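Remarks on the structure that follows.
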Amino acid sequence: MYKKNVFEKYQDNLEPVFAFNEEYRKFLSTCKNERFVVNFAKIIAELHGFKEINALKSLKPGDKVYAINKNKNIILFVVGKDKVVNGINVLGAHIDSPRIDIKQNPLYESQGFALLDTHYYGGIKKYQYVTIPLALYGVVVKKDGTVLDINIGDNEGDPVLGISDLLIHLSANQMQKTASTVIEGEDLDITVGSLPLKGEEKDKVKANILKLLKENYNIEEDDFVSAEIEAVPQGPAKDYGLDRSMIAGYGHDDRVCAYTSLRAVLDLKEIPNRTACCILVDKEEVGSQGASGAQSRFFENTLAELLDKVGELSDLNFRKCLSNSNVLSSDVSAGVDPLYANVNELKNSCFLNNGIVFNKYTGARGKSGCNDANAEYVAKIRKIMDDENIYYQTSELGRVDQGGGGTIAYIMANLNMNVIDAGVPVLCMHSPMEIVAKLDVYEAYQAYIAFIKNA
């Protein structure tokens, strides 16, 4: 099948493509963890007329509402003309990305340095996280309930942190190790200082860091127990390539699909026929479990509340609504890298600049753990894309038995919803610097709008 380059569609006017991507680049540069994404989504949704769902006693077509869960999930609805029981159109994406998490008892001193002990989150190549500048994002919650927002490293004048590596001159033994063990998980400790505190007799550097934490951030050592602090690659996302055709940055997986899904719902010009929904979830990179993961009851509970406020709530109607609903699991796919093309089966792979990617199934080892979208639903999606002149491609996640992966698609499908994965092709996935093509980002946004309006 001939894969069309999206440039063919926009070659006479690339301005909207680049303008949209500049807004996305700014978002990616500042929203580096799930809490920051949720806060951003809440602010921009309210600017577009959305209200918190509990603030309204009833809902009618055209009403725009949102709900937030644990400050790590957000769900938005635009109530459609049709009854909710007849189904809704859902864009679902995750907003967590692989990273380095700070442990609950992290601060220690060794050989004249103060360091933070860590535990990596999600699938990473650990060696990619050494000798790069890192920033800290997250929250510290005091015993009295006070929440301290943490954002250190990306603001003007901020220091950066990092994880050191062994110098090449003394690396004879290290260089004999495999890539998976050349840096061990327990060695991903972050250097935070080297100056001692005057007058201290023991752990002088640690004492100085504790003093700075108290003076500058009102953080005491015990507060780490109730903190969620993430170390992420420092610095803004950048235009990539001499032609500025791509964006390089941390967290495209899966904030590129989260942003385009969010914007698709926010930018609806008319009341949709079917209720439009965007849900952004946490914890996908570690299995989607937990109260803020896709396997929680948050989506179901909020949908029940929506049915109640439009006057349609019953157990049977709730189940009918799920069965009648259509979902795009908005998640990225592995674009073909010319340096590593041999890991792909090229007839069934996706390429940058060829548009949004549909993965009928993901999984690994014989489709294990996958959602395999039924052919009737795939045909419906094909028709929508073709009717709306959306450039799209299909893909698998690498050669059979090469590896594999998963998304939240199977979780939504377990509720008997029609689901297929649909997202942006990415290079260097799960690395500190992932790469996407601006044409694909914009075409995904257009595809999500087409889906909401026509599915």
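The values are calculated or read from the model by the stated rules, or taken from the named source; none is laboratory data. Please read all numbers here as calculations on a predicted model, not as lab measurements. With ideal geometry, Cβ positions are generated from the backbone for all residues, glycine too; neighbour counts draw on all protein chains shown. Ligands, DNA and RNA are stripped out before the accessible areas are found, and what is left, the full protein with its side chains, is counted by its heavy atoms. Shrake-Rupley method; radii C 1.70, N 1.55, O 1.52, S 1.80 Å.
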Only listed residue being in a loop (DSSP other than H, G, I, E, B) and under 26 Å from the mean Cα position of the chain (by Cα), chosen from ASN39, ASN13, ASN5, ASN21: ASN5
Leading residue by the ranking (nearest to CYS350 (Cα to Cα)) among those in region 313-332 that are touching a helix residue (DSSP H, G or I) at 6+ places or on another chain (Cβ under 7 Å), polar (S, T, N, Q) and surrounded by fewer than 24 Cβ atoms within 10 Å (Cβ to Cβ): ASN324
Residue within region 136-147 that is within 23 Å of the chain's Cα centre (by Cα), exposed (fewer than 15 other Cβ atoms within 10 Å of the Cβ) and assigned to a loop (DSSP other than H, G, I, E, B) present: no
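Restricting to region 166-212, name every residue that is acidic (Asp, Glu) and part of a helix (DSSP H, G or I).
Of region 166-212, the ones acidic (Asp, Glu) are 184, 186-187, 189, 200-201, 203.
Answer for region 166-212, where residues must be acidic (Asp, Glu) and part of a helix (DSSP H, G or I): GLU186, ASP187.
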Cβ pairs under 6 Å, 6+ apart, first in region 429-442 and within 23 Å of GLY406 (Cβ to Cβ), second open to solvent by 10 Å² or more (accessible area, probe 1.4 Å) and assigned to a helix (DSSP H, G or I): SER431/GLN128; PRO432/GLN128
Single residue of ALA409, ALA437 found to be surrounded by 18 or more Cβ atoms within 10 Å (Cβ to Cβ), at pLDDT below 95 and over 22 Å from LEU268 (Cβ atoms): ALA409
Members of region 362-393 that are surrounded by fewer than 20 Cβ atoms within 10 Å (Cβ to Cβ), without any contact (Cβ under 8 Å) to a residue 60 or more places away in the chain and either aromatic (Phe, Trp, Tyr) or farther than 17 Å from ASN326 by Cβ (or both): ALA364, ARG365, GLY366, LYS367, SER368, GLY369, TYR377
Search result, residues across region 57-78 that are closer than 18 Å to CYS278 by Cβ and over 25 Å from the mean Cα position of the chain (by Cα): LEU59, PRO61, GLY62, ASP63
Failed item in (1) open to solvent by 30 Å² or more (accessible area, probe 1.4 Å); (2) touching a Leu at 6+ places or on another chain (Cβ under 7 Å), with GLU23 passing the rest: (2)
Residues of region 95-134 satisfying the condition of being in contact with an Asp or Glu (Cβ under 7 Å, 6 or more places away or on another chain), open to solvent by less than 50 Å² (accessible area, probe 1.4 Å), outside any strand (DSSP E or B) and over 27 Å from CYS257 (Cβ atoms): VAL130
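How many residues are buried (at least 18 other Cβ atoms within 10 Å of the Cβ) and either assigned to a helix (DSSP H, G or I) or touching a helix residue (DSSP H, G or I) at 6+ places or on another chain (Cβ under 8 Å) (or both) if we restrict to region 51-67?
Number satisfying all stated conditions: 6.
Output the residues belonging to region 281-293 that are touching a residue at least 12 places away in the same chain (Cβ under 8 Å) and either open to solvent by 20 Å² or more (accessible area, probe 1.4 Å) or more than 23 Å from VAL84 (Cβ to Cβ) (or both).
Filtering region 281-293 down to residues touching a residue at least 12 places away in the same chain (Cβ under 8 Å) leaves 281-286, 288, 291-293.
Once the filter is applied, which keeps residues that are touching a residue at least 12 places away in the same chain (Cβ under 8 Å) and either open to solvent by 20 Å² or more (accessible area, probe 1.4 Å) or more than 23 Å from VAL84 (Cβ to Cβ) (or both), region 281-293 yields ASP282, LYS283, GLU284, GLU285, VAL286, SER288, ALA291, SER292, GLY293.
Identify all residues within region 236-255 that are of a type in the set (A, V, I, L, M, F, W, C), open to solvent by less than 50 Å² (accessible area, probe 1.4 Å) and over 16 Å from the mean Cα position of the chain (by Cα); write none if there are none.
First, pick out the residues of region 236-255 that are of a type in the set (A, V, I, L, M, F, W, C): 237, 242, 246-248.
This time we only want the ones that are open to solvent by less than 50 Å² (accessible area, probe 1.4 Å), so: 237, 246-248.
Answer for region 236-255, where residues must be of a type in the set (A, V, I, L, M, F, W, C), open to solvent by less than 50 Å² (accessible area, probe 1.4 Å) and over 16 Å from the mean Cα position of the chain (by Cα): just MET246.
Under the condition of being acidic (Asp, Glu) and farther than 19 Å from HIS94 by Cα, which residue from region 318-353 is modelled with the highest pLDDT? Walk me through it before giving the result.
Pass one, region 318-353, residues acidic (Asp, Glu): 331, 337, 345.
So of that shortlist, the ones also farther than 19 Å from HIS94 by Cα come out as 337, 345.
Details: ASP337: 94, GLU345: 88.
Per the stated criteria, the residue is ASP337.
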Scope region 181-235; condition out of contact with any Lys or Arg (no Cβ under 8 Å at 6 or more places or on another chain), closer than 24 Å to GLU434 by Cα and loosely packed, with under 14 Cβ neighbours inside 10 Å; matching residues: THR181
Residue in region 279-286 that is within 20 Å of ASN151 (Cα to Cα), assigned to a loop (DSSP other than H, G, I, E, B) and within 17 Å of the chain's Cα centre (by Cα) present: no
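Results for (1) hydrophobic (A, V, I, L, M, F, W, C); (2) more than 28 Å from GLY235 (Cβ to Cβ), shown as yes or no for each residue.
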site: ASN5; (1), (2): no, yes
site: GLU8; (1), (2): no, yes
site: ALA41; (1), (2): yes, no
site: LEU59; (1), (2): yes, yes
site: GLY62; (1), (2): no, yes
site: TYR66; (1), (2): no, yes
site: ASN69; (1), (2): no, yes
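Can you tell me which residue is nearest to VAL400 (Cα to Cα) among those in region 330-382 that are of a type in the set (Asp, Glu), out of contact with any Gly (no Cβ under 6 Å at 6 or more places or on another chain) and assigned to a loop (DSSP other than H, G, I, E, B)? Before the answer, list the steps.
Taking region 330-382 as the starting set, the residues that turn out to be of a type in the set (Asp, Glu) are 331, 337, 345, 372, 376.
The next check asks that each one be out of contact with any Gly (no Cβ under 6 Å at 6 or more places or on another chain); those that pass are 337, 345, 372, 376.
Checking the rest, the ones that are also assigned to a loop (DSSP other than H, G, I, E, B) come to 337, 345, 372.
Numbers: ASP337: 17, GLU345: 8, ASP372: 15 Å.
Selected residue: GLU345.
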Counted residues, region 299-338 - those being among the basic types (Lys, Arg) and touching a Phe, Trp or Tyr at 6+ places or on another chain (Cβ under 9 Å): 0
Residue match in region 148-159 (condition: in a loop (DSSP other than H, G, I, E, B) and open to solvent by less than 10 Å² (accessible area, probe 1.4 Å)): yes
